[in-house]
Amino acid sequence: MKQLLVLMMLSGVVSSATAADLLDTYREAYGADAKLASARSQLEAGREKAPQARAALLPSVALTASSSYSSYSMTEPVVRDAHYNTNTYGVQLTQPLFNMQSVIAAKQGDIAVNIAEAQYANALIDLMQRTAQAYFDVLYAEDTLSSVQALKTAANEQLQLAKKSFEVGTVTITDVNEAQSRFDLASAQEIAAQNDISVKRQALRLITGHEPGELAHLRTGLNIAPPLPANMEDWVSAAERDNVDVQAQKLAVENATRETERARAGHLPTVSVTAGYNNSHATGSISSASPSLYNGWSVGLNFSMPLYQGGGIQSKVRESAALEDKARSDLDLTKRTAAQTVRQSFLGVTNGIAQIKGYEAALISSQSALDSNKLGYQVGMRINIDVLNAQSQLADTQQKLARVRYDAILSQLKLKAAVGALSVPDLEDINNLLAH
């Protein structure tokens, strides 16, 4: 037993020491995100629209019962008092035979379920995007802090070197002041970067429900794959067809069309059949002290034909037709928005890949420039400000390279989301870019 406890403790230590990756974070978010939980409840509620709508086409049974006590006092033509109880109960069954509005409403119930399913699918895609965005925001904030801390260390080294050189008279006080200024600036940037990490980690906590631990960073030397297919218009066509918001809006148009049909069906008659059983028992009556018992069955056919209702039906038809036109316009806008998102995301990936290559080359050049300026400073060919500028340039290039990498990865996810194809395997592909 003790050995088992020791193994469990060691396992916990190892687990806590392992950095969480994107998939780990998404699994936590899936179980803890309040926005997704709300969407899940909304889906459950939306699924009830179909049985509610179909209920109007099914039989309905009602049970009625009553009990009353009556007391009468008569003086003419004879003096007489009457006191008796009356107990009644009955069962009524109603089955609609023809009601076009209820038939159309049942179809609308199925559409409502499909809309709820589409909205939940959209919520899942949104969770994947929000999780990835928050995750990489933390990584970028941490990368920025590392870059700033390296800059601060380099600025401090240059400051100490400038002070020693000033003491021996090889540099002026200006060199010392410039190095001190860069060191103080890097110190302020470090504080800002630390604060930004706290803010970004809290944003991730909002999704996962707990304070995030250590997160896995991107591997060195990674390659981001370009979009496939490589033609942007193919992605645009897919977005206009398969985007989740577009699918939901298509269903909204269908529902609006049905609503117009339902409004027009208000002119049609309704037919239903009824069957009932009634039982009544009284211990007396106003005219007799003898008890009475009555029971009987009834079957009927009900027909109702609206002739005129103050123009309300015609107004409802016009309203529904206008709302149908609105739904179609909203669909057109949704398609355009999806197409725009695809174009932006596609360019974000392709241009991002090109930028990554450019910044990787710039990083090598910045490092070489820094080394050259340090050597030149040592031999008197460069001044202090040249080294400080080279250090700042290197830190800036590191931060820009990190930013463009994360933006390109996030654009990949946005591109998949825009065509309604973002799923867990896509997160797995991104997760393979992390160092585990």
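For this structure, a couple of remarks:
- Only one of the listed residues (Gly376, Gly380, Gly420) is among the small types (Gly, Ala, Ser) and either farther than 30 Å from Asp175 by Cβ or modelled with pLDDT of 95 or more (or both). That residue is Gly420.
- Options Asn231, Asn243; residue that is of a type in the set (S, T, N, Q), closer than 28 Å to Ala421 by Cα and surrounded by 15 or more Cβ atoms within 10 Å (Cβ to Cβ): Asn243
- Within region 42-70, the residues that satisfy the criterion of being hydroxyl-bearing (Ser, Thr, Tyr) and either in contact with a His (Cβ under 9 Å, 6 or more places away or on another chain) or within 18 Å of Asp110 (Cα to Cα) (or both) are Tyr69, Ser70.
- Failed criterion for Ala252 (all others in (1) out of contact with any strand residue (DSSP E or B) (no Cβ under 9 Å at 6 or more places or on another chain); (2) outside any loop (DSSP other than H, G, I, E, B); (3) closer than 22 Å to Ser423 by Cβ hold): (3)
- Among the candidates Asp386, Asp426, Asp371, residue that is part of a helix (DSSP H, G or I), touching a residue at least 12 places away in the same chain (Cβ under 8 Å) and closer than 30 Å to Asp184 by Cα: Asp386
- Region 15-52 - residue that is of a type in the set (S, T, N, Q) and part of a helix (DSSP H, G or I) and, of those, surrounded by the most Cβ atoms within 10 Å (Cβ to Cβ): Thr25
- Inspection of region 275-284 finds a residue satisfying the criterion of being more than 30 Å from Val61 (Cβ to Cβ) and outside any strand (DSSP E or B).
- Residue match in region 136-149 (condition: under 23 Å from Asp24 (Cβ atoms), without any contact (Cβ under 8 Å) to a residue 24 or more places away in the chain and of a type outside the set (D, E, K, R)): yes
- Residues of region 122-157 classified as surrounded by fewer than 21 Cβ atoms within 10 Å (Cβ to Cβ) and of a type in the set (Phe, Trp, Tyr), total: 1
- Of all residues in region 264-320 being of a type in the set (Val, Ile, Thr) and modelled with pLDDT of 90 or more, the one that is farthest from Tyr89 (Cα to Cα): Val317
- Being crowded, with 22+ Cβ neighbours inside 10 Å and under 30 Å from Met128 (Cβ atoms) is not true of Gln391.
- Restricted to region 295-312, and to residues there that are hydrophobic (A, V, I, L, M, F, W, C) and in a loop (DSSP other than H, G, I, E, B), the residue that is farthest from Ala65 (Cα to Cα) is Leu307.
- Lone qualifier among Asn122, Asn156, Asn177 - being within 26 Å of Lys414 (Cβ to Cβ), out of contact with any Cys (no Cβ under 9 Å at 6 or more places or on another chain) and either outside any loop (DSSP other than H, G, I, E, B) or not assigned by TED's automatic domain parsing to the domain that holds Ser366 (or both): Asn122
The values are calculated or read from the model by the stated rules, or taken from the named source; none is laboratory data. Keep in mind it's a predicted model, so treat the numbers as computed, not measured. Cβ atoms come from the backbone with ideal geometry, glycine included; neighbour counts cover every protein chain shown.
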